[in-house]
1. Which of the residues spanning the range 40-78 are closer than 15 Å to Val117 by Cα, without any contact (Cβ under 8 Å) to a residue 60 or more places away in the chain and within 24 Å of the chain's Cα centre (by Cα)?
2. State the number of residues belonging to the range 7-39 that are away from the ligand (no atom under 11 Å from the Cβ), assigned to a loop (DSSP other than H, G, I, E, B) and either within 16 Å of the chain's Cα centre (by Cα) or without any contact (Cβ under 8 Å) to a residue 40 or more places away in the chain (or both).
3. Could you say whether any residue in the range 28-43 is touching a Cys at 6+ places or on another chain (Cβ under 7 Å) and modelled with pLDDT of 95 or more?
4. Any residue at all in the range 296-317 that's under 31 Å from the mean Cα position of the chain (by Cα), modelled with pLDDT under 80 and in a loop (DSSP other than H, G, I, E, B)?
5. Look at Leu174 and say whether it is assigned by TED's automatic domain parsing to the domain that holds Lys224, within 16 Å of the ligand (Cβ to nearest atom) and not in a helix (DSSP H, G or I).
6. Determine the pairs where a residue that is outside any strand (DSSP E or B), located within the range 244-265, has a partner that is among the small types (Gly, Ala, Ser) and at pLDDT 95 or above with Cβ atoms under 8 Å apart, the partner being 6 or more residues away or on another chain.
7. What is the one condition in (1) at negative phi; (2) of a type outside the set (D, E, K, R); (3) modelled with pLDDT under 80 that Phe354 does not satisfy?
Amino acid sequence: MKIGIVSDFHLGYERFRQDAYLQAKEALEKASEEADLLLVPGDIFDNRAPKPDVIAEGISLFKELAEKEWKAKVAEYIGPGKAYTSLPIVVIPGTHERRAVGELNPVSLLALAGLVVDASDAVVVVEKDGERVAVRGIGGIAEERLREYLSSSEFKPVENAFNILMFHQSLYELMPFSKDYISFEELPKGYDLYVCGHIHNRIEDKVHGKPLLIPGSTVLTQLKEAEQEPKGFYLFDTSTGKAEFRHINTRRFAVVKVDVSDKEPGELMDEIERKVAEKIGEDKPVISVVLQGRLRKGIRLGDLPLVKIQREFEGRASVEISGNGIDEATAIADEFAAGKLEGVSVKEFGMGIFLKKLQEFGYALDTPPAALFEKLSTQTKEKAVASAMELLFGKQ
Ligand SMILES: [Mn+2]
């Protein structure tokens, strides 16, 4: 059987609303031309409660597929829910669609309408000419609850079938940021193929010696450098065990890096403008300007008229400018060395920067900034973030 794997459409994503719809449409259409079975491992929608016109986009995408002739059929559904169609289009909700247990999410609505089969917490067996493919789905669940779910649920590959585990989680080997993220080794064994959503650039790897395929999103979301790679979907052939990645047409995305070190503001603005102009084309690309290095003494990022550049290219490109790569730490160390902070403790100085940042983000929660600063500055990074979250939003 040929299996099309398409993920993370993020329908309704405000920034690139039309791209999200058109690129998902193209990916699904192209995949359905060749695949017997389609898998969508989550984040069809960008929101757990999409507006009716966004739900309509989802319905129309899958309605077109439902009208095609499919040789493969859902033959069996093992789980607490139900398959409302025999169409071989098997999906799970992702993190963006997650709601409390027992509540309907927008993906379960598509399933209820008989357009797709929701494989959350279930095994869906698809059959074509006597060949059976069994998909065990895990709907996106909170990372810290995944281990408990894996140990309390049944993972029994179906006999005489090609078994797939489909999920939507962060994986530690690919994102080593939290111990809550599961590692390859902890995933259930006995599957012939592992399919994951959630990660927005494509990845091919091995889990328990079997292929792991992550197709990435069909729309640009994070504006990370890796997203400059072409987007698309996987086509996996069970007879050869091989996967091919097929490209789709997407809005062009370019990253422009500018070293700010020792430059006058005027000079810097000219350079940014010139580099952005080089990337402009008729296709209205998304251009991410990443500022790096150390600003000249006395110049602050906020002093640069960056919005002017964004306005200048309006209608010809979508320009995003990020100062996250600017080395502020060294500049602060210089101020210390120059004795500018005499009489001010490091803690007070840190608190000052923290307050300024909160203001920039429009912080408006009840917790006093000083209490938050204490929580964040007295523990290891992971614990600090966890206890600050608890302070702000209560126990999750
Ligand atoms: Mn996603």
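1. Matches in the range 40-78: Gly58, Ile59, Leu61, Phe62.
2. Within the range 7-39, residues that are away from the ligand (no atom under 11 Å from the Cβ), assigned to a loop (DSSP other than H, G, I, E, B) and either within 16 Å of the chain's Cα centre (by Cα) or without any contact (Cβ under 8 Å) to a residue 40 or more places away in the chain (or both) number 1.
3. Yes, the conditions are met somewhere in the range 28-43.
4. No, because not a single residue in the range 296-317 is under 31 Å from the mean Cα position of the chain (by Cα), modelled with pLDDT under 80 and in a loop (DSSP other than H, G, I, E, B).
5. Working: assigned by TED's automatic domain parsing to the domain that holds Lys224: yes; within 16 Å of the ligand (Cβ to nearest atom): yes; not in a helix (DSSP H, G or I): yes.
Taking the combined requirement at face value, the residue satisfies it.
6. Final answer for the pair search is Ile248/Ala27; Ile248/Gly232.
7. Of (1) at negative phi; (2) of a type outside the set (D, E, K, R); (3) modelled with pLDDT under 80, only one is false for Phe354: (3).
Matching residues to (1) closer than 23 Å to Leu11 by Cβ; (2) at pLDDT 95 or above:
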site: Thr85; (1), (2): yes, yes
site: Ile92; (1), (2): yes, yes
site: Thr95; (1), (2): yes, no
site: Ser108; (1), (2): yes, no
site: Ala113; (1), (2): yes, yes
site: Lys128; (1), (2): no, yes
site: Arg132; (1), (2): no, yes
site: Arg145; (1), (2): no, no
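The values are calculated or read from the model by the stated rules, or taken from the named source; none is laboratory data. What you see is a predicted model, and the numbers here were worked out from it, not measured in a lab. We place every Cβ from the backbone using ideal geometry, glycine too, and count neighbours over all the protein chains shown.
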